[in-house]
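Let me begin by presenting the structure, written as structure tokens, before commenting on it.
Every number in this text was worked out from the coordinates using simple rules, so none of it is lab data. Only a predicted model underlies this, so the values are computations on that prediction, with no experimental measurement involved. Backbone-built Cβ (ideal geometry, glycine too); neighbour counts: all protein chains shown.
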Amino acid sequence: MNPVLTPRFAALLVAIAAALTVSGALVFQHGFGYVPCMLCLWERWPYYLGAPLALLAALLAARGNPGAARLVLVVVGLLFVGGAGLGAYHAGVEWGFWPGPASCAGADAAPTSAGGLLESMRATKIVPCDSAAWTLLGISLAGYNALIAAALAAVAFIGARRRS
């Protein structure tokens with residue numbers, strides 16, 4: 001067992017990595033104009049929930065309550081296992097291994113008002129669930145999400161196993 005991954009350190013590592021990961025997704029969305037699909041948005045929920053819970057676990061460990069910290073880390077680990085599964089499912093949809101949800105075609109693509117509808121349609125980049133908007137080394141954002149979420153789950157579970 002790794003002596004460095006105490007519950008407190010593991011929780012801080014998960015919280016920081018989760019916050020950076022979801023921040024990267026938001027940069028793609030708002031900085032580069034990629035509209036996330038429904039699955040992309042669902043994949044963010046483990047990060048939105050997991051980062052603050054991991055901070056709570058770090059606080060509990062720092063305040064001398066390692067049992068509660070380890071319990072929260074288990075919950076965080078389970079969230080990220082679910083996130084990894086969802087990311088793998090989404091990557092499989094992109095690779096054509098299985099069909100995605102029928103309603104998946106750009107979550108925020110619909111305009112909010114009738115004024116400027118045509119201009120809004122021209123400026124919107126719709127990213128359907130079955131098409132990778134961006135890849136690096138042949139791996140899409142969904143694929144990287146699956147890998148990162150799995151790693152965060154592992155760190156959370158390792159930290160939860162530590163007694164100190």
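Descriptive notes on the structure:
- For HIS90, net neighbour charge (Lys/Arg +1, Asp/Glu -1) across residues whose Cβ lies under 13 Å away: -2
- Potential lengthening between THR135 and LEU49 on full extension [0.36 nm per residue; Cα-Cα distance subtracted]: 28.4 nm
- Computed from the C-alpha gyration tensor, the three semi-axes of the ellipsoid equivalent to segment 8-109 are 31, 15, 9 Å, from longest to shortest.
- With neighbours defined as other Cβ atoms within 10 Å of a residue's Cβ, the residues CYS40, CYS104 order from fewest to most as CYS104, CYS40.
- A simple rule links phi to the HN-Hα coupling: the Karplus curve 6.51 cos²θ - 1.76 cosθ + 1.60 with θ = phi - 60°, which for segment 149-161 gives 4, 5, 5, 5, 4, 4, 4, 4, 5, 5, x, 5, 7 Hz, with x for Gly and Pro.
- 3J(HN,Hα) from dihedral phi, segment 50-59, Karplus parametrisation 6.51/-1.76/1.60, rounded to Hz, x for glycine, proline: x, 4, x, 5, 5, 4, 4, 4, 5, 5
- Of the chymotrypsin sites (Phe, Trp or Tyr not before Pro) in segment 30-102, those whose Cβ has at most 14 other Cβ within 10 Å and which sit in DSSP loop: PHE32, PHE97
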